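Reading through the structure tokens given below for one structure.
No value in this document is a laboratory result; all are computed from the given coordinates. Because the structure is predicted, anything quoted here is derived from the model rather than measured. Positions of Cβ are generated from backbone atoms using ideal geometry, with glycine treated the same way; all protein chains shown enter the neighbour counts.
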Amino acid sequence: MMAIMPRDPALDAAYEEVARRLATGKRFLITGHRNPDGDALGSALGLALALDAAGKEARVVMRDAWSSAYSKMPGISRVAVADSLPADWPSDWDALLTMECPEADRAGFSNLLAGTVVNVDHHPGNTRYGTVNLVDLPAAAVGEMVADLLDLLGWPLTADIATNFWVSLVSDTGSFRYSNTTPKALALGARLVAAGAEPGPVNEFLFEAAPLSSLRLEALVLGTLELHAGGTVATVELPRRFFEESGAKESDTEGLVNRARGIEGVRAAALLREGDGGEIRCSLRSKGVVDIRSVAARHAGGGHRNASGCHVPGTLATAKAALVPEMAEAVAAVAAAEAAVAVPEAG
């Protein structure tokens, strides 16, 4: 078992408080952010299976469905998709744990804060809305945080739990390609494989089993690709009609923005998606030290330095006009800093 690295005392106390509540409570609700991804699902399911094994009751509820890529995760059939939390919330539950929700409304449930909420997250912009706030910024994924909780509790890491944590970890580190791939994340990956997670089969169903409709959607979206700011900024667009034309579902949009980010020379990318009520849902991504979160924050959004999101009122065209200069500014700031380092002062 890998030892947990020292943290600041306040964070250690938060881990210990959450572990205490899990140990003493009996019934727990677990949720994640809307349109759940691999980290939200993997951390929630890993925790739910661990609670089951400890003789507790755990129920996972998400506001939205998820990509078909996650359909083979252990325990995925137990996850309910619902417009509201169970009718007996909060009276009959010890706590509700929110996984990877930096703001309370990201879960999508109007009465989420009616009872005891344990906020488990690693986003810098977390608003600390919970009764207990476990916010570990250096953690590569929330699944890594839940693994630490299981260690504190002395609860076993089964093959199914390890598989869900593997999904969590590879989702948020880009299969160990992103800058948040720490020594601790790599060590946890090795430990998960030793516990029974099988990288080959799991990565195959995650990344190599996309339905044809999702590929058709990707082709339509890539057809809108535009490069800006000398090829350093890329945008792709997703009008609502693309869903009908491709036969794809809302959940099939995950990862589309990364296709734009993956172009040589691109340092920041945006997927602009036509939403409801006259707003554009914007998924923003960047490479290296380009801070795309600062762009999202200007539009009341948030996330990580290299992966953030926001909503912008208007049309696809007006959203693009607003965001591209801001993204170009973020890229230019890093380019200027790099140039200053590369050219030593004359002396």
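For the reader, a short list of remarks on this structure follows.
- Whether segment 241-321 is rounded, prolate or oblate, judged on the alpha carbon gyration tensor where a/c under 1.5 counts as rounded: oblate
- Mean Cβ neighbour count within 10 Å, used as a protection proxy, ranking 336-342, 123-129, 56-62 highest first: 56-62, 123-129, 336-342
- Mean Cα-pair separation over length for the chain, i.e. relative contact order, pairs under 8 Å, 6 or more apart, %: 13
- Panel note: the C-alpha atoms of segment 122-207, placed on their principal axes, show extents of 38, 30, 23 Å (largest first).
- Three principal axis extents describe the C-alpha atoms of segment 9-207; from largest down they are 43, 39, 34 Å.
- Modelled spin labels at Asp88 and Glu17, positioned 7 Å past Cα toward Cβ, are 2.7 nm from each other.
- Think of each Lys and Arg Cβ as +1 and each Asp and Glu Cβ as -1; about the Cα centre, that makes the dipole of segment 212-341 roughly 200 debye.
- Shown in residue order for segment 189-201 are the 3J(HN,Hα) couplings computed by the Karplus curve 6.51 cos²θ - 1.76 cosθ + 1.60 at θ = phi - 60°: x, 4, 5, 5, 5, 4, 7, x, 5, 10, x, x, x Hz (x for Gly and Pro).
- Helix content alone sets the calculated 222 nm mean residue ellipticity of the chain: runs of n ≥ 4 DSSP H residues at -39500 (n - 2.57) each, divided across all residues, give -12000 deg cm²/dmol.
- About the Cα centre, charge dipole magnitude for the chain (Lys/Arg +1, Asp/Glu -1 at Cβ), debye: 80
- When each of the peptides 202-213, 287-298 is scored by how many other beta carbons lie within 10 Å of its residues on average, the order from highest to lowest is 287-298, 202-213.
- P(r) weight above 27 Å for the chain, C-alpha pairs, percent: 47
- Dipole of segment 212-341, positive direction: furthest Cα of Val334, Ala219, Gly277, with charges on the beta-carbon: Val334
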